[in-house]
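To keep things clear, I will list the structure first and then write my remarks on it.
The values are calculated or read from the model by the stated rules, or taken from the named source; none is laboratory data. Small disclaimer: the values here were computed from a predicted structure and weren't measured. Don't worry about glycine lacking a Cβ; one is built from the backbone with ideal geometry, like all the others, and counts go over all protein chains shown. Areas reflect the complete protein model, heavy atoms only, side chains present, ligands, DNA and RNA absent. Shrake-Rupley method; radii C 1.70, N 1.55, O 1.52, S 1.80 Å.
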Amino acid sequence: MNPTTDIDRLAQWAREQPDKAAVRLIDGEQVRSLSYAELDARSTQAAHWLIALGLRPGDGLALLMENRLDLFVLGWAARRAGLYYTPVSPHLHPSEVAYILNDCEARLLIGTQQTLELARRIQTGDETNGWDGLRYLLDGKAAGWRGVAEELECHPSDAILPQCPLGRDFLYSSGTTGKPKGIKRPLTPYAERMRDSYDAILWREYFGLGRESVYLTMAPLYHAAPLRTVMRNIEWGGASIVTRRFDALAALRIIADWRVTHSQWVPTMMIRMLALPQEVRQAADLSSTQVAIHAAAPCPPDVKRGMIEWWGPVWYEYYGGSESIGLTAIDSAQWLQKPGSVGRAMIGKIHIKDDQGNELPAGRQGHIYFSGTPRFEYHNDPAKTAAAYDAQGCATFGDIGHVDEDGFLFLSGRRTDLILSGGVNIYPQEVENLLATYPGVTDVAVIGVPHPEFGEEVRAVVELVNPADASPELAAALIDFCRQHLAHLKCPRSVDFVQRLPRSENGKLYKRRLMEQYAAAHQPV
């Protein structure tokens, strides 16, 4: 085995199909491409640079950037250098970014001109909003920041790299305690670097990703699904297309122009595509589409049925999470027979259990658990990790549902208090904790209420010390207060004032009653 040409599959494809575009970035009318040969050479340079900085296998770096091709260069460099890489949403509040940087123990932050202002607000030595580490700018120069381009020029693009374990992503999502949660998995030994992971096999065998695939994602790459799918498609020799933002009309044009075979969507995108004029939808060329995947949020049945009728039986849905404790999937034909189902288990075995941990028969609703997959841990949160497992070692995402007699899973409840808005997970406790500090607020509950496009929107239900103070002006002030401290996507879009929130004598908030009340108010007459 040649250590230069066979270090990983990217090197293999760079040798076999050097001029093929591994990834294209489409931004309006502008198209940029990164060939397999370019990605191989530039990620080798970047890996040598990261090692020269003193980063060692198991260390981490953070990427604070918009969707761009360089993210894949750095991701593959981290893989080759045996490092963890953590993409961070540029829509977060500086304190949230600082928390992630500290929690994942990133030694290096790489930003861009677009995220520079946010990154500058993360102060060195500030205990509440600070982080101490190396800071590099990907595109240009700035005071206090080193330039990545100049650094890479000093390193070779074809020199042999040391035999490091295979690096991987280290991703964060919001936690129910209000703090983002990280899921950190062990690195793969160097000798096993060419082997598919257990959870990647599904994407290759079930969804058919491979050398002939043209995969499209219009989602932010700091989310697990789009990032990991593009990385896997590169690993298997396919072509991928990413965009800076979602646009329904542009999506149809890209599918037709670039003969997209595979794509991934969230229900909000599907709703917006269905809202296009009938003549536009009828004229769309979707003949190249083999697989269209959706997940991340519940999809209204009428929306999914509409997409199947329009695109044909190419739609696949899966249910899972970053914890990778289990995964179900369902194709169009199965869904039409079992509308509302998220499919059978493809990874792990499903168990439905009652509150005492007893297994329930088909048709009975209970807590959804999975067994038969590698154990995971929430980084720096052993209590949350322990709470995800039961006495038998089965793990849960925290959802409730049932399986039918054919083994198809149906969700009837979601993670406790979770709000899913436009495919984004929002946990309300962080917002509640903040609003409780506002003068005059005595109690608050933050819930998701039905929204025709986003699935749910965030609403704050507030109890005031003096109920007479309730007004539209105060509601606006509470929303603005949230936006000063949190990412806007987490903040309420509306505020309701109530005389008293439903709590038990021991202080437990019956949030489910509130959600049922609002859901009932939005039921069609």
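Going by the conditions given, is ARG272 touching a Pro at 6+ places or on another chain (Cβ under 9 Å) and open to solvent by 30 Å² or more (accessible area, probe 1.4 Å)?
Answer is no for this residue.
With respect to (1) touching a helix residue (DSSP H, G or I) at 6+ places or on another chain (Cβ under 9 Å); (2) surrounded by fewer than 19 Cβ atoms within 10 Å (Cβ to Cβ); (3) among the hydrophobic types (A, V, I, L, M, F, W, C), the lone exception for VAL446 is condition (2). Looking across the range 1-36, the residues that are within 21 Å of GLU235 (Cβ to Cβ), among the small types (Gly, Ala, Ser) and either open to solvent by 30 Å² or more (accessible area, probe 1.4 Å) or touching a residue at least 60 places away in the same chain (Cβ under 8 Å) (or both) come down to ALA21, ALA22, SER33. Go through the residues of the range 111-131 one by one and say whether even a single one is farther than 26 Å from GLY423 by Cβ, hydrophobic (A, V, I, L, M, F, W, C) and more than 27 Å from the chain's Cα centre (by Cα). No, there is no match, as no residue in the range 111-131 is farther than 26 Å from GLY423 by Cβ, hydrophobic (A, V, I, L, M, F, W, C) and more than 27 Å from the chain's Cα centre (by Cα). Whenever a residue of the range 77-89 is in contact (Cβ under 8 Å) with a residue 24 or more places away in the chain, its partners that are of a type in the set (Ser, Thr, Tyr) and in a loop (DSSP other than H, G, I, E, B), lying with C-beta atoms within less than 6 angstrom and at least six residues away or across chains, give the pairs PRO87/TYR222; SER89/TYR222. Only a single item in (1) more than 30 Å from GLU323 (Cα to Cα); (2) open to solvent by less than 40 Å² (accessible area, probe 1.4 Å) is not met by LEU166, and it is number (1). Whenever a residue of the range 372-394 is without any contact (Cβ under 8 Å) to a residue 40 or more places away in the chain and of a type in the set (A, V, I, L, M, F, W, C), its partners that are assigned to a loop (DSSP other than H, G, I, E, B) and surrounded by 13 or more Cβ atoms within 10 Å (Cβ to Cβ), lying with C-beta atoms within less than 7 angstrom and at least six residues away or across chains, give the pairs ALA391/GLY357.
Residue by residue through the range 425-476, note down the ones that are polar (S, T, N, Q) and in contact (Cβ under 8 Å) with a residue 12 or more places away in the chain. Steps first, please.
Let us first name the residues in the range 425-476 that are polar (S, T, N, Q), namely 425, 429, 433, 437, 442, 466, 471.
Passing the criteria: ASN425, GLN429, ASN433, THR442, ASN466.
If you go through the range 37-57 and pick out every residue that is among the hydrophobic types (A, V, I, L, M, F, W, C), open to solvent by 10 Å² or more (accessible area, probe 1.4 Å) and within 14 Å of VAL23 (Cβ to Cβ), you end up with 1.
How about the range 172-224: which of its residues are out of contact with any Lys or Arg (no Cβ under 8 Å at 6 or more places or on another chain), at pLDDT 80 or above, surrounded by fewer than 19 Cβ atoms within 10 Å (Cβ to Cβ) and among the hydroxyl-bearing types (Ser, Thr, Tyr)? Once the filter is applied, which keeps residues that are out of contact with any Lys or Arg (no Cβ under 8 Å at 6 or more places or on another chain), at pLDDT 80 or above, surrounded by fewer than 19 Cβ atoms within 10 Å (Cβ to Cβ) and among the hydroxyl-bearing types (Ser, Thr, Tyr), the range 172-224 yields TYR190, TYR206.
GLU66: more than 22 Å from GLN484 (Cβ to Cβ) and out of contact with any Gly (no Cβ under 8 Å at 6 or more places or on another chain), yes or no?
Values: more than 22 Å from GLN484 (Cβ to Cβ): yes; out of contact with any Gly (no Cβ under 8 Å at 6 or more places or on another chain): yes.
Spelling it out, GLU66 is indeed more than 22 Å from GLN484 (Cβ to Cβ) and out of contact with any Gly (no Cβ under 8 Å at 6 or more places or on another chain).
Taking strands (runs of 3 or more DSSP E) as the structural unit, those lying wholly within the range 198-267 and holding at least 2 residues that are touching a Leu at 6+ places or on another chain (Cβ under 8 Å) correspond to 239-243, 262-265.
Among the residues of the range 146-173, those identified as more than 28 Å from the chain's Cα centre (by Cα) and among the hydrophobic types (A, V, I, L, M, F, W, C) are ALA149, LEU152, CYS154, ALA159, ILE160, LEU161. Whether a residue is charged (D, E, K, R) and open to solvent by less than 60 Å² (accessible area, probe 1.4 Å) was assessed, and ASP126 passes this test. Say whether the condition of being at pLDDT below 95, surrounded by fewer than 21 Cβ atoms within 10 Å (Cβ to Cβ) and out of contact with any strand residue (DSSP E or B) (no Cβ under 7 Å at 6 or more places or on another chain) is met by at least one residue in the range 278-293. No, the range 278-293 contains no residue that is at pLDDT below 95, surrounded by fewer than 21 Cβ atoms within 10 Å (Cβ to Cβ) and out of contact with any strand residue (DSSP E or B) (no Cβ under 7 Å at 6 or more places or on another chain).
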